[in-house]
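J.: First the structure, then my questions, so here it is.
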Amino acid sequence: MSKKEAEKEEKGLFSSLWDSLSSLRLTIALLIIVAVASIFGTVIPQNASPEEYLRAYKLSTYRILKILGFLDMYHAGWFVFLLALLSLNLVACSLKRLRITLRFFYPGVRLEEDQWKAMPLNKKFSQKGLPAEGLPQYREALSRLFSKPQVLEEPRAYHLFAEKGKLSRLGIYFIHLSILVILAGALIGSFFGFRGNVNIVEGQAADRVILRSEGQIQPLGFSVKLEKFSVSFYFSGAPKEFKSTLTILEGERQVLTEPIRVNHPLTYKGITFYQSSYGIAGIEKAILAIKDRQSSKEVIVSAQMGSRTEIPGTSSSFLLAEFIPNFQGMGPALQVIFFEPSRPHENFWVFQHHPEIDQKRPGRYQFTIKEFEPRYYSGLQVTKDPGVWVVWVGCFLMMAGFYMAFFMSHGRVWVKLTEKGAGTLVEIAGSSHRDRLGFEKEFEKIEQALKGNSGKARKPTTESGSQE
């Protein structure tokens, strides 16, 4: 094979590869594959624990999903390759048509005869006076009704060209660029960010979170302390609003204190804390009604957890040993250790919503929980996404691209003034790549304005073109 033939074959291979990469069919195929894969990524929980997957799937199914990368799909090599290929395809498609688009940015002020005939809108009529005499009025009319024109002077003729909405030609490129920027932002957030959870008890602090990805530990670089948690309820008992007051600590130094609620997070150093859940970690104190079954006398006693409390007027005492928010589905319960002189201590449970259980227990004293002061923990969702601002830039570019592509149109008007005896032959042509009906109306206004510039029109003649 000769060197010339080898170069030709190499060029043909490159050309074929370029045509394939810049193919619209490839774009559609890649978008469908990415969409289907994203559906799998939505249906199948991502980065859950093996126990959760094994509760939902068989062991063989779990292994297949793990091998295929569907359990952490957005970090899988094949998914990143699809996004990279889609990005290359968008770049290739944009470059392929960019050369054609750039031609519209450098149009000729002067049109040739065949170009005049090819224009979708063209008119001609005669006016009194020489072209040089009416030129200022024609220029002013175009500037007022359309845009400021460029002027080209020739012997016995003048050419005027005006255009507007030229940037609308770039709308599709802004959309392509926005997709690339959004993909880049998503990848940055996926590889350099994290998403985790942490439960903090009132008065305590945490400096690390548990990631959703296989329970790994992620240090925060600072501490977050739960100063106070509060919750309000509807009459039905359902939570109405819960709020956590958080303090950010750098070592021992308090940086800021701010409350967070659902949809009102706190962000510090790019890490955002969302209020996601809450629960009762214990109680500070409980108020109990203690009834002497022999005398039917009842006393109200406030008791601290873990502290021995005496029953007023008696030699007996008790200790609250443990609190369970929901004991076997029966609601809050307190473990009570009862002490009485010369007798072994008793150990029993008292239920807030089922006082009848303690009524059946033998013994001199009956315990009833009136109320307790709970000690809550706050469940926080913690995320870091350094690519979020990149995604926002991409969204802004996409909105700008859609506006340019669908709400703007590139309109162009050519006017030729040719000396014809003692008068002027006026030829007008125009085109618009979008909203042609609106452009036709605009074109008619320009025509009427030009006809009225240099005195009364004479010999209004034929149209040498068609309107679309």
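Just so it is clear, none of the values below were taken in a lab; they were calculated from the coordinates. None of these values were measured; they are calculated from a predicted model. Positions of Cβ are backbone-derived with ideal geometry, glycine not excepted, and every protein chain shown enters the neighbour counts.
J.: Between His433 and Leu82, what's the calculated FRET efficiency when r is the beta-carbon distance and R0 is 35 Å? Round to 0.05. All intermediate terms of the calculation are to be shown ahead of the outcome.
T.: Working: r = 33 Å, r/R0 = 0.94.
Given R0 = 35 Å and the Cβ-Cβ separation, E is 0.60.
J.: Going Cα to Cα from Lys269, which aspartates and glutamates come in below 18 Å? Please leave out same-chain ones fewer than 8 positions away.
T.: Asp207, Glu250, Glu252, Glu258, Asp385
J.: Once you charge only the Cβ atoms, +1 for Lys and Arg and -1 for Asp and Glu, what is the size of the charge dipole of the chain about its Cα centre, to the nearest 20 debye?
T.: Dipole size: approximately 1540 debye.
J.: Considering the dipole of the range 282-375 built from charges on the beta carbon (Lys and Arg +1, Asp and Glu -1) around the Cα centre, which of Pro344, Ile287, Pro325 is farthest to its positive end?
T.: Value: Pro344.
J.: What does the extension gain come out to for Ile210 and Val231, with contour length at 0.36 nm per residue minus their alpha carbon separation?
T.: Once the chain is fully extended between Ile210 and Val231, it gains 5.1 nm.
J.: Determine ³J(HN,Hα), in whole Hz, for all residues of the range 374-390 in sequence, where each value follows from phi through the Karplus function 6.51 cos²θ - 1.76 cosθ + 1.60 and θ = phi - 60°; x replaces Gly and Pro.
T.: Couplings: x, 10, 8, 10, 10, x, 10, 9, 10, 9, 10, 9, x, x, 5, 6, 5 Hz.
J.: Sticking with this structure for a sec: Once Lys and Arg get +1 and Asp and Glu get -1 on their Cβ, which of Trp389, Gly69, His354 lies farthest toward the positive end of the dipole of the chain?
T.: Value computed over the given set: Trp389.
J.: Let me ask you something else. From the phi angles alone, apply the Karplus equation (6.51, -1.76, 1.60; θ = phi - 60°) to the range 69-81 and give each ³J(HN,Hα) in whole Hz, x where the residue is Gly or Pro.
T.: Along the range 69-81, the couplings run x, 7, 8, 9, 4, 6, 10, 5, x, 5, 6, 4, 5 Hz.
J.: Take the Cα radius of gyration of the range 282-375 and divide it by 2.2 N^0.38 Å, with N its residue count; two decimals is plenty.
T.: Ratio of Cα Rg to 2.2 N^0.38 Å: 1.00.
J.: Can you give the calculated 222 nm mean residue ellipticity of the chain, where each DSSP H run of n ≥ 4 adds -39,500 (n - 2.57) and the sum is split over every residue, rounded to the nearest 500 deg cm²/dmol?
T.: Using -39500 (n - 2.57) per qualifying helix, the result is -11500 deg cm²/dmol.
J.: Could I ask something else about it? Quick check: the angle from helix 3-21's long axis to the longest principal axis of the chain, C-alpha only, nearest 10 degrees?
T.: That helix lies at roughly 60 degrees to the long axis.
J.: Right, something else. Only four residue types carry charge here, +1 at the Cβ of Lys and Arg and -1 at the Cβ of Asp and Glu. Report the dipole size of the range 282-375 about the Cα centre in Debye, rounded to the nearest 20.
T.: 200 debye
J.: Between rounded, prolate and oblate, where does the chain land on the alpha carbon gyration tensor, with a ≥ b ≥ c its root eigenvalues, rounded for a/c under 1.5, else prolate if a/b exceeds b/c?
T.: In terms of gyration-tensor shape, prolate.
J.: Right, next: How fast does the range 12-103 diffuse by Stokes-Einstein, in µm²/s, taking the Kirkwood radius from C-alpha pairs at 4 °C and 1.567 mPa s?
T.: 84 µm²/s
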